Amino acid sequence: MESQMLRYTLDKLDKLDYTKVCNKKVDPKFELGAVLRYFDNEVPILFNNVKGYDMDLIGGLYGSRNIFYDLMDTEKENRIHKIIDAIANPKEVKRVKDGPIKENIIKKNIDIIKLLPIPTSHEKDSSSFITAGMLIVKDPETKDIHMAVRRFQINSKTNISTLISGASPHLRELIKKSEEKNRPIECAVVLGYDAEYLIASQISSSKYGLDKHMVYSALKGEPLEVVKCHSVDIEVPAYCEIVLEGEIVPNKKVVEGPFGELMGYYGEVAPNPVMEIKTIMHRNNPIFQHAFPCREEHLSNGLIREAEVYSSLCNVVDVEDVNITVGGGCRLHAIISINKKNEGDGKSTILSALGSSKDIKHVVIVDKDVDIYSYKDVEFALASRVQAGEDVVIIKNCLGSGLEASHVYKGLSDKMGIDATKPLNETSFERAIIPEYENIDISNYF
Ligand SMILES: Cc1cc2nc3c(=O)[nH]c(=O)nc-3n(C[C@H](O)[C@H](O)[C@H](O)COP(=O)(O)O)c2cc1C
């Protein structure tokens with residue numbers, strides 16, 4: 001459907017006046033990333049003059065909450081419910097025979113280095129990396145689909161390495177089993193997708209075991225149109241931009257990294273599985289999709305985690321909203337507002353939130369009159385509603401996030417929660433207000 005994937009997204013972003021166009025010749029090595037980084041990856045930028053390439057590149061697409069809300073036809077207040085509803089009620093996809101992705105099929109003389117404007121982002125990165133590639137793998141026995149964004153180090157014209165983190169135990173297990181049987185695994189890498197596809201991809205398989213294409217259909221409110229790949233038995237969105245088809249080679253690993261990672265540190269350098277590319281499909285005039293590593297684009301992952309924390313708190317307290325912050329890598333920090341009804345609600349929220357994921361390291365709990373997206377407001381609550389001796393909870397030596405440098409250094413993480421809610425029925429916490437402040441139209445005064 002024309003309403004699916006990147007082209008539709010670009011039209012919509014254009015109409016909403018979000019996109020910047022860069023006509024200047026830009027080097028994909030460092031310079032392009034520097035331009036994206038300047039805008040904190042919160043502004044979509046279409047580069048139509050990438051040095052050495054005819055292909056356009058879009059970056060900075062999904063780094064802003066407001067862009068996500070607009071693209072997904074939702075708003076701050078409803079986004080969590082929309083995601084939970086789609087996870088609970090996935091919908092069928094529509095299988096079609098053909099689609100724009102099949103406009104060009106390359107089977108011979110494949111050379112991704114010449115074809116695709118793949119950027120190198122940081123000084124010590126080992127190579128150029130495809131950072132927004134959606135890896136789709138089909139389990140040859142169960143036929144289950146594994147689909148998630150992974151990064152790909154470029155090794156040669158046809159060979160790329162992929163990182164499968166410890167947060168994806170099912171796919172790791174599948175690769176291990178295939179290696180024991182010395183059997184390759186068919187796979188595809190999809191580029192040029194929309195916000196719903198990215199959000200669906202960030203759902204954790206170990207938590208839900210869902211078909212993420214079906215979650216997409218539910219999120220989008222229409223069935224995802226998929227076509228079969230040309231050379232592998234895998235379905236991909238009919239309207240995406242580029243698909244790399246091939247197989248994960250058994251028992252062949254290539255050292256991957258260094259790579260400027262989440263939180264801006266270089267991650268582990270290790271031998272990782274490789275994919276051999278057999279076929280490339282692309283639309284006419286394809287647009288290459290890039291995500292500047294590795295902070296702001298992880299917002300999609302944070303949006304899913306907000307829904308997960310919200311759900312785990314629902315049975316405990318009257319939870320208002322959850323902000324998994326960008327400064328905490330969209331994984332490590334949560335600010336949570338509650339409608340406090342009992343004196344123990346703040347501490348109970350701390351326990352449930354810290355226990356909901358090994359990645360969450362620090363949480364701050366506030367009352368619902370505090371804006372959890374305003375650091376000024378959160379600091380106001382910390383300054384005026386917290387007594388450290390009573391309101392700070394520290395749990396030492398927990399399992400933490402493998403993507404967090406101080407945890408990697410120590411092997412364990414201390415977790416901390418701050419209960420910044422005010423006591424119930426205590427008049428000294430009454431906030432001074434200006435009557436009718438919200439209704440003032442300031443333009444009448446000047
Ligand atoms: C831009 C971006 C890049 C990512 N890169 C990787 C990666 O290289 N390796 C990885 O295992 N996960 C990566 N992730 C996280 C996974 O996509 C995410 O954890 C997903 O939910 C895993 O799905 P699974 O539980 O089905 O395996 C990335 C996420 C984003 C948004």
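The values are calculated or read from the model by the stated rules, or taken from the named source; none is laboratory data. Predicted model, so just to flag it, every value in this text is computed and none were measured. Cβ placement follows ideal geometry from the backbone for every residue including glycine, while neighbour counts extend to all protein chains displayed. These accessible areas exclude ligands, DNA and RNA; they are computed on the full protein's heavy atoms, side chains included. Shrake-Rupley method; radii C 1.70, N 1.55, O 1.52, S 1.80 Å.
Key figures for this structure:
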| quantity | calculated |
| --- | --- |
| Principal-axis tilt of helix 6-15 within the chain, Cα atoms, nearest 10 degrees | 50 degrees |
| The range 197-280, accessible area per residue, ligands and nucleic acids excluded (1.4 Å, Å²) | 33 Å² |
| Given charges at beta-carbon only (K, R positive; D, E negative), |dipole| of the range 69-283 in Debye | 560 debye |
| Projected label distance in nm at ALA388 and LYS107, using a 7 Å step from Cα toward the beta-carbon | 6.9 nm |
| The range 315-425: translational diffusion in µm²/s, Stokes-Einstein, Kirkwood Rh over Cα pairs, 20 °C, 1.002 mPa s | 152 µm²/s |
| Size of charge dipole - the chain - debye, nearest 20, with Cβ of Lys, Arg +1 and Asp, Glu -1, no other charges | 1800 debye |
| Qualifying GluC sites (Glu not before Pro) for the range 126-179 [loop in DSSP, other Cβ within 10 Å: at most 15] | GLU141 |
| Alpha carbon centroid spacing (whole Å) that separates the range 160-213 from the range 375-407 | 33 Å |
| Positive-end residue of GLY411, ILE360, THR349, charge dipole of the range 315-425 with Cβ unit charges | GLY411 |
| Along principal axes, Cα extents of the chain, largest first, whole Å | 76, 59, 44 |
| Cα gyration tensor, the range 27-129 - rounded (a/c under 1.5), prolate or oblate | oblate |
| Accessible surface of the chain, 1.4 Å probe, proportion on carbon and sulfur as whole % | 51 percent |
| Helix-derived mean residue ellipticity, 222 nm - over the chain, DSSP H n ≥ 4, -39500 (n - 2.57), to 500 | -7500 deg cm²/dmol |
| Kirkwood Rh and Cα Rg combined as Rg/Rh, the range 69-283 | 0.95 |
| ³J(HN,Hα) computed for each position of the range 255-261 - Karplus, 6.51 cos²θ - 1.76 cosθ + 1.60, integer Hz, glycine/proline x | 4, 10, x, x, 8, x, 9 |
| Whole-angstrom gap from the range 340-357 to the range 38-99, using each part's C-alpha centre | 32 Å |
| Gain on full stretching of the segment that runs from VAL408 to ASN425 - 0.36 nm per residue minus C-alpha separation | 1.7 nm |
| Hits among aspartates and glutamates - C-alpha to C-alpha of LYS157 under 12 Å, sequence gap 8 or more where chains match | ASP111, GLU276 |
| Full-extension gain in nm, LYS29 to ASP441, via 0.36 nm per residue minus C-alpha separation | 143.4 nm |
| Pair TYR375, LYS20: separation of 7 Å Cα→Cβ label points (nm) | 2.1 nm |
| Per-residue ³J(HN,Hα) for the range 42-57, Karplus 6.51 cos²θ - 1.76 cosθ + 1.60, θ = phi - 60°, Hz, x for Gly and Pro | 9, 10, x, 10, 9, 9, 10, 8, 7, 4, x, 9, 8, 7, 6, 10 |
